[in-house]
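Everything below concerns the one structure shown next.
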Amino acid sequence: MSFDTRNWKPATTLVHAGALRSNFGEMSEAIHLTQGFVYDTAEQAEARFKGEEPGFIYSRYANPTNDIFEKRMCALEGAEEARATASGMAAVAAALLCSLKAGDHVVAARALFGSCRWIIETLMPRYGIESTLVDGRDLQAWEQAVRPNTKLFFLESPTNPTLEVVDIAAVAKIANSINARLVVDNVFATPLQQKPLELGAHVVVYSATKHIDGQGRCLGGVILSDKEWIEEKLQDYFRHTGPSLSPFNAWTLLKGLETLPLRVKQQTESAAKIADFLADHPKVSKVIYPGRKDHPQAEIIARQMTGGSTLICFELKDKAAAFGVANALDIVLISNNLGDAKSLITHPATTTHKNLTPEARAEGGIGEGTLRFSTGLEDTDDLIADFDQALSKI
């Protein structure tokens, strides 16, 4: 079954797009837990491997359940093609490495998730790929970092964990001027609140583990771009290195997509109220939230995002205060995940970004008192009361 999704709103798209039903007419998408596929004849097998006949060959290459998930993400993102991966970091690694070779140069924003920085700073140099990290907010820094061999730009916006915002359209313009590709990690904004491809980015990656699943069940990732780049650059890397998503996880993520708009709307509305409460609290020295007028890049946010975020970054005076609040919270759980139905709090300096040097953390705005809060689906007043009682104990 196929649908014309051009005029659908996101909520409809995320329930129906890419639907594929067997002759049994199942309501929920089928889980095709199979490694391989059977051919009617040897000639058919030959034709499939030659690419002369459409059809599935091996689940490392493609799978019917994964195909539905990829098509649904394309319909939401406005992308021509997608490939689902086993995790968000598999998506990042594949998107970055599939088109690079020894002697190439990458420019990346320095405010990145710790594992992303490891790929840029540690893994790529092992293969002769040079890199430069810049302040992503400084457009002149992007321009000045460009070399004759620069092939790729990489950024996340809003950033993890400090929720800095980068002007995607402006960075895309610089990338286009040198014929480089811009890869954007759009996890914190979700595909509902920011459309990097519409802003000029060439490739978008997600950790589907976060909001797309959104219920703490499975790992997953996805890469979205134009058909030519997927087929010419990504497909061989994907096919031969094997970062493919499990069909069971693809099915789980499809179920997550059905409720994504409802969850993100509630989480964003709740986060905005909690951010305001924290900003007014005497024991909180700083709050960074994309929905507030005092956000340093509020003007850019108004242009490129349609909502705030489900995440809040805030500062306490030191590590002891941060640990004290995290330990005193009753409803909010301590975890390094985000985008979940359960509210989660993270101390980045000792967890997600602990492998960065103190200097690198300071450059990224991560202090010993920094906390990252991921808003869940609990009652907003209950969450505010939980923060109130926890802050009263430090």
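If a residue has to be among the small types (Gly, Ala, Ser) and at pLDDT 95 or above to count, how many in the range 20-54 make the cut? Full working, then the answer.
Residues of the range 20-54 among the small types (Gly, Ala, Ser): 22, 25, 28, 30, 36, 42, 45, 47, 51.
Going one step further and asking which of them are at pLDDT 95 or above, we end up with 36, 42, 45, 47.
The number of residues fulfilling the criteria is 4.
Of everything in the range 357-390 that's among the hydrophobic types (A, V, I, L, M, F, W, C) and either surrounded by 21 or more Cβ atoms within 10 Å (Cβ to Cβ) or out of contact with any helix residue (DSSP H, G or I) (no Cβ under 8 Å at 6 or more places or on another chain) (or both), which residue is modelled with the lowest pLDDT? Ranking the candidates gives ALA362 first.
For the structure I just gave you, tell me whether GLU52 is assigned to a loop (DSSP other than H, G, I, E, B) and exposed (fewer than 15 other Cβ atoms within 10 Å of the Cβ). Break it down into steps so the answer makes sense when it comes.
Working: assigned to a loop (DSSP other than H, G, I, E, B): yes; exposed (fewer than 15 other Cβ atoms within 10 Å of the Cβ): yes.
Spelling it out, GLU52 is indeed assigned to a loop (DSSP other than H, G, I, E, B) and exposed (fewer than 15 other Cβ atoms within 10 Å of the Cβ).
Which number in (1) in contact with a Pro (Cβ under 9 Å, 6 or more places away or on another chain); (2) free of Cβ contacts under 8 Å to residues at least 60 places away in the same chain marks the one condition that GLY18 misses? Only one criterion is unmet by GLY18, namely (1). Every condition in (1) farther than 19 Å from VAL204 by Cα; (2) in contact with a Ser or Thr (Cβ under 7 Å, 6 or more places away or on another chain); (3) of a type in the set (Asp, Glu) holds for GLU46 except the one numbered (2). The conditions of being charged (D, E, K, R), outside any helix (DSSP H, G or I) and either farther than 18 Å from ARG239 by Cα or under 16 Å from the mean Cα position of the chain (by Cα) (or both) are met by ARG83.
I'm trying to understand the selection: among the residues of the range 160-193, which are assigned to a loop (DSSP other than H, G, I, E, B) and among the acidic types (Asp, Glu)? Before the answer, list the steps.
Here is the first cut: in the range 160-193, the ones assigned to a loop (DSSP other than H, G, I, E, B) are 160-167, 178-180, 186-189.
Matches in the range 160-193: GLU164, ASP167.
Just one of the listed residues (LYS393, LYS354) is closer than 23 Å to VAL165 by Cα, surrounded by fewer than 17 Cβ atoms within 10 Å (Cβ to Cβ) and not aromatic (Phe, Trp, Tyr), and it is LYS354.
To keep it simple, each residue is scored yes or no on (1) open to solvent by less than 40 Å² (accessible area, probe 1.4 Å); (2) in contact with a Gly (Cβ under 7 Å, 6 or more places away or on another chain); (3) in a helix (DSSP H, G or I).
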residue	(1), (2), (3)
ALA90	yes, yes, yes
LYS101	no, no, no
LEU112	yes, no, no
CYS116	yes, no, yes
ILE119	yes, no, yes
LEU123	yes, no, yes
ARG137	no, no, no
ALA141	yes, no, yes
ARG147	no, no, no
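All of (1) in contact with a helix residue (DSSP H, G or I) (Cβ under 8 Å, 6 or more places away or on another chain); (2) hydrophobic (A, V, I, L, M, F, W, C); (3) at pLDDT 95 or above hold for LEU112 with one exception: (3).
When the residues of the range 277-306 are filtered to those that are assigned to a helix (DSSP H, G or I) and over 28 Å from ASP135 (Cβ atoms), the one that is most open to solvent (accessible area, probe 1.4 Å) is ASP280. If the condition is being part of a strand (DSSP E or B) and more than 17 Å from ASN160 (Cβ to Cβ), then the range 335-351 contributes no residue at all.
Answer yes or no as to whether LEU219 is open to solvent by 10 Å² or more (accessible area, probe 1.4 Å), outside any helix (DSSP H, G or I), touching a Gly at 6+ places or on another chain (Cβ under 6 Å) and at pLDDT 95 or above. For LEU219, the condition - open to solvent by 10 Å² or more (accessible area, probe 1.4 Å), outside any helix (DSSP H, G or I), touching a Gly at 6+ places or on another chain (Cβ under 6 Å) and at pLDDT 95 or above - is not met.
The values are calculated or read from the model by the stated rules, or taken from the named source; none is laboratory data. Note that the coordinates shown come from a computational prediction; the quantities given were computed from them, not determined experimentally. Backbone-built Cβ (ideal geometry, glycine too); neighbour counts: all protein chains shown. Side chains included, ligands, DNA and RNA excluded: accessible areas come from the protein's heavy atoms. Shrake-Rupley method; radii C 1.70, N 1.55, O 1.52, S 1.80 Å.
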